[in-house]
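Novice: Take this structure first; my questions come after.
The values are calculated or read from the model by the stated rules, or taken from the named source; none is laboratory data. None of the values given here were measured: they were computed from a predicted structure. Cβ placement follows ideal geometry from the backbone for every residue including glycine, while neighbour counts extend to all protein chains displayed. In case anyone asks, the SASA skips ligands and DNA or RNA and just uses the protein heavy atoms, side chains included. Shrake-Rupley method; radii C 1.70, N 1.55, O 1.52, S 1.80 Å.
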Amino acid sequence: WKILGHFLFQFMKSGTKTLPVGFIFVFTAFKEGLTNLCGCPQVSIVWPDQHTSEFDPEWLRKRCFSSAARQALQEELFLNKRMYWDSELQIPTANFEEVLHDDKAALAWLLALRRVGIVYLKGAPVEQGQVARLSQRIGYLRLTFYGHTWQVQDKSQANNVAYTAGKLSLHTDYPALHYPPGVQFLHCLSQAAEGGESEAVDGFHMAEKLRREDPEAFRTLTSLQVDFTDTGSDYCDFMVQSKNHIIDVDSDGRVVRINYNNATRDSVLDLPLHQVQAFYSSLKAYIQLMTRPENMLTYKMEPGDLVTFDNGRLLHGRKSYLSHPDQVRHLEGAYLDWDEVMSRLRILCKSVNGES
């Protein structure tokens with residue numbers, strides 16, 4: 001479109017538009033539609049002002065407003081279908097170095113991470129810095145108040161329950177933030193002499209079970225907001241506060257994120273009195289579902305293992321452990337956000353599958 005000598009509607013290399021919304025003719029209609037002119041595989045549209053636009057048929061087909069076309073495009077863009085699992089899951093496993101250097105291996109890793117929610121990488125060097133190396137395969141790390149990376153060890157005067165040798169109950173990380181990290185990496189540098197097994201539960205699967213078994217509890221946990229808090233000093237001093245649903249759902253009712261960490265759930269519960277018992281009953285029902293033996297996955301990391309998982313889906317924990325002076329449990333961790341991960345996944349899909 002050309003007005004006053006300026007082209008108002010064009011796409012830049014990034015795919016962004018330059019047409020101001022104020023120039024859109026909302027109720028316009030096309031005068032004529034033609035296909036296969038001169039053998040060209042294009043759809044030509046002639047508008048009432050005689051302006052002609054040409055479109056690739058596949059481009060138009062993807063942007064069809066039918067329910068099926070819309071669902072197909074959203075699945076292509078966001079890979080929302082999930083594979084639910086329980087204690088019988090065989091964790092998808094890949095080689096750390098292959099993921100770093102081979103696009104097909106990296107694509108398989110990220111597809112499994114999206115679909116299943118957890119992937120094991122074997123063979124990482126047993127030294128700090130590997131979670132940062134892995135993040136560079138995707139983009140960059142998510143900086144939090146605990147730093148770009150953090151060391152999970154038994155520490156004196158610990159500022160986080162993870163930095164103790166005690167049992168860690170099932171949780172997602174950082175619900176005290178309104179936008180918790182999407183993906184977590186944990187690299188085992190040294191394992192405890194006794195104990196320290198990791199535990200994980202598919203929070204999406206358990207939420208769907210709760211929806212079926214106790215619809216009222218599901219409604220409560222998706223509608224009431226809970227206060228979370230975290231205060232301390234690490235990368236810098238911090239005092240964070242948030243309100244989150246235990247179970248987040250989208251406009252279609254699909255479960256999209258779990259926000260739960262009893263250690264950082266605030267003593268403040270900003271609810272009317274008549275909703276308090278209903279909230280606790282609902283939360284207890286959800287936790288009891290997750291802690292059933294048939295739903296909980298248990299595994300033990302060994303030095304060189306690096307586990308990657310969806311922090312908004314998996315609730316993870318750890319059994320208590322005992323370290324010896326010459327065998328101290330040490331994991332290095334890091335976060336990323338799903339926007340960066342999905343960006344790399346889409347790029348790898350195009351390059352590996354030969355798409356333009």
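Novice: Cα atoms only, region 261-330: Rg and Dmax in Å?
Specialist: When restricted to Cα atoms, region 261-330 yields Rg and Dmax of 17.2, 54 Å.
Novice: While we're on this one: How far is helix 103-115 tilted off the main Cα axis of the chain, in degrees rounded to 10, range 0 to 90?
Specialist: 70 degrees
Novice: What angle, in degrees between 0 and 90 and rounded to the nearest 10, separates the Cα long axis of helix 273-290 from the longest principal axis of the Cα atoms of the chain?
Specialist: Taking Cα atoms only, the helix is inclined about 80 degrees.
Novice: Shifting gears a bit: Which residue, ARG114, ARG313, ARG212, tops the fluctuation ranking in a GNM of the chain built on C-alpha contacts under 10 Å?
Specialist: ARG212
Novice: If one puts a single equal scatterer on every Cα of region 147-192 and applies the Debye formula without solvent, what log₁₀ I(q)/I(0) results at q = 0.33 Å⁻¹?
Specialist: Normalising to I(0) and taking log10 leaves -1.37.
Novice: Place the peptides 331-337, 238-244 in order of packing, highest mean first, counting for every residue the other Cβ atoms within 10 Å and averaging per peptide.
Specialist: The peptides rank, most packed first, as 331-337, 238-244.
Novice: Could the peptides 276-286, 116-126, 137-147 be put in order, highest first, of the mean number of other beta-carbon atoms found within 10 Å of their residues?
Specialist: Order by mean packing, descending: 116-126, 137-147, 276-286.
Novice: Could I ask something else about it? So, in nm, how far is label THR231 from label LYS104 when the simple model puts each one 7 Å beyond its Cα toward the Cβ?
Specialist: Distance between label points: 5.5 nm.
Novice: Can you return the lysines within cross-link range of LYS167? Criterion is Cα-Cα under 20 Å, with same-chain partners fewer than 8 residues away left out.
Specialist: LYS155, LYS284, LYS300, LYS319
Novice: What is the log10 of I(q)/I(0) for region 69-116, computed with the Debye formula using one identical point scatterer on each Cα and no solvent, at q = 0.30, 0.31 Å⁻¹?
Specialist: -1.04, -1.06
Novice: Per residue of the chain, what 222 nm ellipticity follows from adding -39500 (n - 2.57) for every DSSP H run with n ≥ 4, rounded to the nearest 500?
Specialist: -8500 deg cm²/dmol
Novice: Please report Rg (one decimal) and Dmax (integer) in Å for the Cα set of region 182-243.
Specialist: Both quantities, over Cα of region 182-243: 17.6, 44 Å.
Novice: Placing +1 on the Cβ of each Lys and Arg and -1 on the Cβ of each Asp and Glu in region 161-305, which of TYR179, TYR299, GLY253 has its Cα farthest towards the positive end of the resulting dipole?
Specialist: GLY253
Novice: Using modelled backbone amide H atoms (1.01 Å from N, in-plane), which distant-in-sequence or interchain residues come within less than 5 Å of ARG257's amide H?
Specialist: For ARG257, the qualifying residues are ASP248.
Novice: Considering only ASP173, ASP310, ASP266, give the residue with the highest GNM mean-square fluctuation for the chain, with springs between Cα atoms whenever their separation is below 10 Å.
Specialist: In this elastic network of the chain, the residue with the biggest mean-square fluctuation among ASP173, ASP310, ASP266 is ASP266.
Novice: Charges only on Cβ, +1 for Lys and Arg, -1 for Asp and Glu: so what's the dipole of region 108-172 about the Cα centre, in debye to the nearest 20?
Specialist: About 280 debye.
Novice: Would you mind working out the magnitude of the charge dipole of the chain relative to its Cα centre, with +1 at each Lys and Arg C-beta and -1 at each Asp and Glu C-beta, to the nearest 20 Debye?
Specialist: So the dipole magnitude of the chain works out to roughly 780 debye.
Novice: Quick one: net charge of ARG61's neighbours, Cβ under 13 Å, K/R +1, D/E -1?
Specialist: Here the charged neighbours net out to 0.
Novice: Taking the 0 to 90 degree range and rounding to the nearest ten, how far is the long axis of helix 203-213 tilted relative to the main principal axis of the chain, both from C-alpha atoms?
Specialist: Approximately 90 degrees, to the nearest ten.
Novice: Then there's this: Per the 1.4 Å probe, what fraction of the accessible area of the chain, in percent, lies on carbon and sulfur atoms?
Specialist: It is 55 percent, rounded to a whole number.
Novice: Let me ask another. Largest first, please: the extent of the C-alpha atoms of the chain along each principal axis, to the nearest Å.
Specialist: 80, 55, 41
Novice: Sticking with this structure for a sec: Could you give the spread of the C-alpha atoms of region 294-356 along their three principal axes, from largest to smallest, in whole angstroms?
Specialist: 55, 31, 19
Novice: Top mean-square fluctuation among LEU289, LEU77, LEU189, Gaussian network model of the chain, C-alpha springs under 10 Å?
Specialist: Its mean-square fluctuation being the largest, the pick is LEU77.
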